[in-house]
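Novice: Okay, handing you the structure first.
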Amino acid sequence: MARKSGKLEAIQNTLKELDINISDIEKNEDFIYELIKNTEIVPDYRHPSYVRHLLKDILMICLFGVLADCNEWEEIADFAVQKEKWLRKYLELPNGVPSSDTIRVVIGGIDTRHFYQLVVQYLVQVMNQVHNAIFDQAQEKDILSMDGKESRGSKRNQTDVEGTKAIHTLNMYSKDYGICIEQEFIEEKSNEIPAGPLLLERLDLRECVVTWDALNTQKETVAAVIKGKGDYVAALKGNHPLFYKELQDFFSEEELRELQNSPSNSKKTVEKEHGGLAIREYFLTDEVGWYEDKKAWKNLQSFGLVKKKLIKKSGEKSEEMRYYINSIPVDINLFEKAVRGHWGVENKLHWQLDFTFKDDHNTTAEKTGAKNMQMLKKVSLAILRLVQTLYGQSLKRIRKTIARDCENELEQILSAVSEDAIKSTLYKKQNS
């Protein structure tokens, strides 16, 4: 069976085709205990003589609570009080449930990055194993989209002391897995540009194409991708004025007509969009030898242009041109996939964090606490996206469904994040 979509989407489509829903998944507690095991590796900064509540209990309460439609520390504490009996099925809770202040202070003083990575690795492993059981084809390049996000609620205006800037995070989103696979929290007195190479150097970029907006199109960022054995498709705008003008001049009408005559150098798509019709023309060329500063941009192999025309129902028309510098050879389908795939970081990560998880309303003053809350929401988003097709509902509705019947729904959802449970269900459906 072949696929053209990412691994998560391909798995979701198969579940949908076989009409598998959440109730078809046999209950399996593997993932719950995997989560608990991963929380135990998070370093606890507290002095043992003052510890009344176990760190792993607090972390699991927070994760369960966020899945169950809790967006703030007080809501998580209320959830724990209401569901204490069920929580004791998995957690120790030697001194009952912690207060909201305890939860906030403890989470605000720990480093959850390693926990986040372990959970992401587990989810990626599950999707790889399930995908390999369904599909048999060579691996396609994954599109990794790098983009910044501001959590506006964490900002504090200047009063009698210096104000606090909102948390700014540079995220790396995988189109293949539908997950934020890594992030770099940006220092208050810095910006995205130096954060890009730091984020990239922690990743294995083999068989990946990394995309970003024009702000991050910097020689150091490009070099970091090549060092990580990956490829890049990078937007170019006026922050490199001379290069931008030279590229505009290169893609003349005559050059575009010549590229249009070659199916390997151009492609056209027509789609309904924003109450109108969007016509996109993609152009890609490996004629880069004319550019004098070519060697400064590591492994520069091609230039790209996307010409988009939007025709509204009213008859109003608009047109925009986007230019790209790339390390990929002339592969017009891969270029289109990279350009279109980049917007997944906005639509499927940043928008969901704000709309479904109210990240913009996160008013936690302690920076580490706010960062950890965001990571808990990203973990929850990754889990819910994996099981979304089994519910046939929006992520927001699924969270509310969990909140109404936490005991059953959480166990059922976390059972579905199990390689054995999904494979077993697929086998039964395919052979029934």
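The values are calculated or read from the model by the stated rules, or taken from the named source; none is laboratory data. From a predicted model like this one, the values you see are computed outputs, not experimental measurements. Here Cβ is always computed from backbone atoms with ideal geometry, including for glycine, and neighbour counts include all displayed protein chains.
Yes/no matrix, rows are residues, columns are (1) in contact with a Gly (Cβ under 9 Å, 6 or more places away or on another chain); (2) surrounded by fewer than 18 Cβ atoms within 10 Å (Cβ to Cβ):
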site	(1), (2)
Ile41	no, yes
Pro48	no, yes
His53	yes, no
Asp57	no, no
Gln82	no, yes
Phe115	no, no
Val130	no, no
Asp142	yes, no
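Novice: Of the residues Lys377, Lys367, Lys400, Lys396, which is basic (Lys, Arg), at negative phi and in contact with a Leu (Cβ under 7 Å, 6 or more places away or on another chain)?
Specialist: Being basic (Lys, Arg), at negative phi and in contact with a Leu (Cβ under 7 Å, 6 or more places away or on another chain) holds for just one of Lys377, Lys367, Lys400, Lys396, which is Lys377.
Novice: Please go through the range 332-364 and pick out each residue that is out of contact with any Leu (no Cβ under 9 Å at 6 or more places or on another chain) and hydroxyl-bearing (Ser, Thr, Tyr).
Specialist: Thr363, Thr364
Novice: For the range 48-62, what are the residues that are touching a residue at least 24 places away in the same chain (Cβ under 8 Å) and of a type in the set (A, V, I, L, M, F, W, C)?
Specialist: Once the filter is applied, which keeps residues that are touching a residue at least 24 places away in the same chain (Cβ under 8 Å) and of a type in the set (A, V, I, L, M, F, W, C), the range 48-62 yields Leu54, Leu55, Ile58, Leu59, Met60, Ile61, Cys62.
Novice: Considering the range 277-326 alone, what residues qualify as being of a type in the set (Ser, Thr, Tyr) and more than 31 Å from the chain's Cα centre (by Cα)?
Specialist: Within the range 277-326, Tyr291, Ser314 meet the criteria.
Novice: Exactly one condition in (1) surrounded by 14 or more Cβ atoms within 10 Å (Cβ to Cβ); (2) closer than 21 Å to Arg340 by Cα is not met by Val288; state its number.
Specialist: (2)
Novice: Still on this structure, I have one more. Pick out, from the range 1-92, the helices (runs of 4 or more DSSP H) lying fully within it that include 1 or more residues that are within 22 Å of the chain's Cα centre (by Cα).
Specialist: It comes to 7-17, 30-39, 55-67.
Yes/no per residue for (1) of a type in the set (Asp, Glu); (2) at pLDDT below 95; (3) assigned to a strand (DSSP E or B):
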{"residue": "Leu118", "(1), (2), (3)": "no, yes, no"}
{"residue": "Asp136", "(1), (2), (3)": "yes, yes, no"}
{"residue": "Gln139", "(1), (2), (3)": "no, yes, no"}
{"residue": "Glu162", "(1), (2), (3)": "yes, yes, no"}
{"residue": "Gln183", "(1), (2), (3)": "no, no, yes"}
{"residue": "Glu187", "(1), (2), (3)": "yes, yes, no"}
{"residue": "Gly196", "(1), (2), (3)": "no, no, no"}
{"residue": "Arg206", "(1), (2), (3)": "no, no, no"}
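Novice: Still on this structure: Take the residues of the range 404-432 that are assigned to a helix (DSSP H, G or I) and acidic (Asp, Glu): which is nearest to Thr356 (Cα to Cα)?
Specialist: The selected residue is Glu409.
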